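Following: one structure in structure tokens, then a few remarks.
The values are calculated or read from the model by the stated rules, or taken from the named source; none is laboratory data. Keep in mind the model is a prediction, meaning the values are calculated, not measured. For neighbour counting, all protein chains shown are included, and Cβ atoms are generated from backbone atoms with ideal geometry for every residue, glycine included. Ligands, DNA and RNA are stripped out before the accessible areas are found, and what is left, the full protein with its side chains, is counted by its heavy atoms. Shrake-Rupley method; radii C 1.70, N 1.55, O 1.52, S 1.80 Å.
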Amino acid sequence: MAITRMGPGTITVGTVPLDFSAEVRSVTIAHEYDESSEAVTYLDGSGSPASLTRADSVSFEADNDLSAQGIYAFCETNDLTEHAFEYVPSTADAASWAGTVQVTLPEEIGSDAFGNPIASATTWAAVGKFTFTPIAPPPGA
């Protein structure tokens with residue numbers, strides 16, 4: 001059984017992937033389910049289950065590089081546009097999530113004290129669902 005840990009890994013955005021791994025310190029992939037219709041039971045005892053829809057997103061915390069090559073400038077330039085996305089939590093294991101995200105700015109950016117990193121937390125909604133690629137089985141398995 002493989003036990004995985006975050007890092008070293010990559011988080012990339014764009015058709016020509018821009019790698020923001022040096023700024024990102026935590027990543028969470030989320031799957032939210034919404035009930036689009038209720039379960040129904042008929043007089044004869046049969047029924048149909050509730051219909052669910054899934055919405056994926058990626059949230060990350062970053063210590064922001066405020067240069068033109070940093071993630072904040074990318075978000076500012078590409079706010080509300082869609083881009084290819086891939087997150088590989090550990091390049092040694094090579095599992096990944098990939099898809100398309102709608103880029104948005106972080107709700108807040110700043111620092112809590114003099115000398116601390118300028119940090120932000122951002123969530124990007126997936127356009128459709130992410131595709132998960134599991135860790136490849138060991139040779140001979």
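Structure above, values below:
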read-out	value
Filter result for the condition that a residue is touching a Pro at 6+ places or on another chain (Cβ under 8 Å), farther than 30 Å from Pro137 by Cα and not aromatic (Phe, Trp, Tyr), over Asp112, Asp63	Asp63
Arg5 vs. criteria farther than 15 Å from Ala98 by Cβ, of a type in the set (Lys, Arg) and in a strand (DSSP E or B)	no
Close pairs (6 angstrom Cβ cut-off, 6 or more residues apart or separate chains): in contact (Cβ under 8 Å) with a residue 60 or more places away in the chain and surrounded by 14 or more Cβ atoms within 10 Å (Cβ to Cβ) in the range 93-117, of a type in the set (Ser, Thr, Tyr) and in a loop (DSSP other than H, G, I, E, B) anywhere	Asp93/Thr4; Val103/Thr81
Extreme residue, surrounded by the most Cβ atoms within 10 Å (Cβ to Cβ), among residues of the range 29-68 that are among the polar types (S, T, N, Q) and in contact (Cβ under 8 Å) with a residue 12 or more places away in the chain	Asn64
Verdict on Ser26 being farther than 17 Å from Ala125 by Cα and either open to solvent by 50 Å² or more (accessible area, probe 1.4 Å) or at pLDDT 90 or above (or both)	no
